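Accompanying notes for the structure given below.
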Amino acid sequence: MGEDAESPKINHTFLRDYVTEADVISTVEFNQTGDLLATGDKGGRVVIFQRETEVSLQSVFSSLSALGSRKVNQRRWARQGTLGSTMSTAHKTIKLWKVSERDKRPEGYNLKDEEGRLKDISTITSLQVPVLKPTDLMVEVRPRRVFANGHTYHVNSISVNSDGETYLSADDLRINMWHLGITDRSFNIVDIKPANMEDLTEVITAAEFHPHHCHLFVYSSSKGTLRLCDMRASALCDKHTKLFEEPEDPGNRSFFSEIISSVSDVKFSHSGRYLLTRDYLTAKVWDINMDKGPVETFQVHEYLRSKLCSLYENDCIFDKFECVWNSSDSVIMTGAYNSFFRMFDRETGRGVTLEAWRESSKPRAVLRTRRVYTGGKRRRGDVGVDSLDFTKKILHMAWHPSENIIAIAATNNLYIFQDRVNPETQAQ
């Protein structure tokens, strides 16, 4: 029989591209060895992937319901046990999960059958000693602790200290320090809440501990400033040790200046010497010994400056892009729109635009460089500014701690890319 002309046709492209809000990835991070990769989504799930071979990852368990239906805002690895522990936060609650390996399973129970069901006691005629038998390597995750009631506002950052025993959590107005073994008590180390909320002029946007010195931490604000604090000076670090800010160019002053200068992410370099920050249009590198201004500034998508009005109307101007270092601190990476992400070589200052899309995720596929056309001679494959898809944004990413492997979260897709032969970047 022929197809009924009146019957509705299924749009398979729509079904493929349809994404629910709960499936959008909201955080991604490698553990300290790079063997595990954890992601969290807006549906409150944390999924951990284990590196199976040199070129592939497998999900070690399908879904961990971390925080009910709450969006996972942050996820960090803690150095505990063989594989460690993972921390996740959503809304005002922080949870600690223990991650462990198991390559043996018990068999030969007296009261249970092979499927774990209780036996009829009347059928048991003899007793046996259960034995451990080898099985495929499995990674198990068990909830360990819940840290609650420490914040009035949504937690936007968590950072584990280099001492391996404490961590900080930050919301819009306060930063607290916790001990990983104590769930009912935290210490407030920063409080910028004014006596009168009408006097509030800025909020905390991100915070992170120094990678080597457990007494130092930094936090950023919506005014584009960074404050380095030393807990040896005072228990309450309302007075910073150093203030990092860049004087505003009067020529670029506009209605959107304060919005686009807000720092959405701050990361210490692996050496601890530098700070990497991301605001709406730029990525900046700061030397912690020089507080007069950034030592390097990289234009991520300066071509959007003329589009700020429309970006304000569709709320894209409030998107919070993350930034990361490579293992040697020589290259930085951050996200953009249209499924683009950017890498910058600090030595040469050269930047490259790459695209995370389905075709590039095929095994052995080579990532193509892309260019946004802003004027002059147009090349084949260039993308016009007006053609950019602002719904396809790369906000979250991670870089392997020792290898040139990156993880890119694009909406509900997770892409893993590996640099096979320098300087080419190939898809894993």
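Exactly one residue out of G384, G376 is small (G, A, S) and out of contact with any Phe, Trp or Tyr (no Cβ under 9 Å at 6 or more places or on another chain): that is G376.
Every listed requirement among (1) of a type outside the set (A, V, I, L, M, F, W, C); (2) part of a strand (DSSP E or B); (3) over 30 Å from S222 (Cα atoms) is met by N176 save one, (3). Residues in the stretch 179-225 that are farther than 17 Å from T89 by Cβ, in a strand (DSSP E or B) and acidic (D, E): D191 only. Scanning the stretch 179-190 for residues that are closer than 28 Å to T201 by Cβ and hydrophobic (A, V, I, L, M, F, W, C) yields F187, I189, V190. Answer yes or no as to whether F187 is touching an Asp or Glu at 6+ places or on another chain (Cβ under 9 Å), closer than 22 Å to Y153 by Cα and surrounded by 15 or more Cβ atoms within 10 Å (Cβ to Cβ). For F187, the condition - touching an Asp or Glu at 6+ places or on another chain (Cβ under 9 Å), closer than 22 Å to Y153 by Cα and surrounded by 15 or more Cβ atoms within 10 Å (Cβ to Cβ) - is not met.
Restricting the first member to the stretch 255-274 and to residues that are without any contact (Cβ under 8 Å) to a residue 12 or more places away in the chain, and the second to residues that are surrounded by fewer than 20 Cβ atoms within 10 Å (Cβ to Cβ), the beta-carbon pairs closer than 8 Å and six or more apart or on different chains are S257/E248.
Filtering V141, V160, V218 for residues that are in contact with a Leu (Cβ under 6 Å, 6 or more places away or on another chain), closer than 18 Å to S85 by Cα and surrounded by 15 or more Cβ atoms within 10 Å (Cβ to Cβ) leaves a single hit, V141.
Just so you know, all these numbers are worked out from the coordinates, no wet-lab data involved. Predicted model, so just to flag it, every value in this text is computed and none were measured. So basically every Cβ, Gly included, is an ideal-geometry build from the backbone, and we count neighbours across all protein chains shown.
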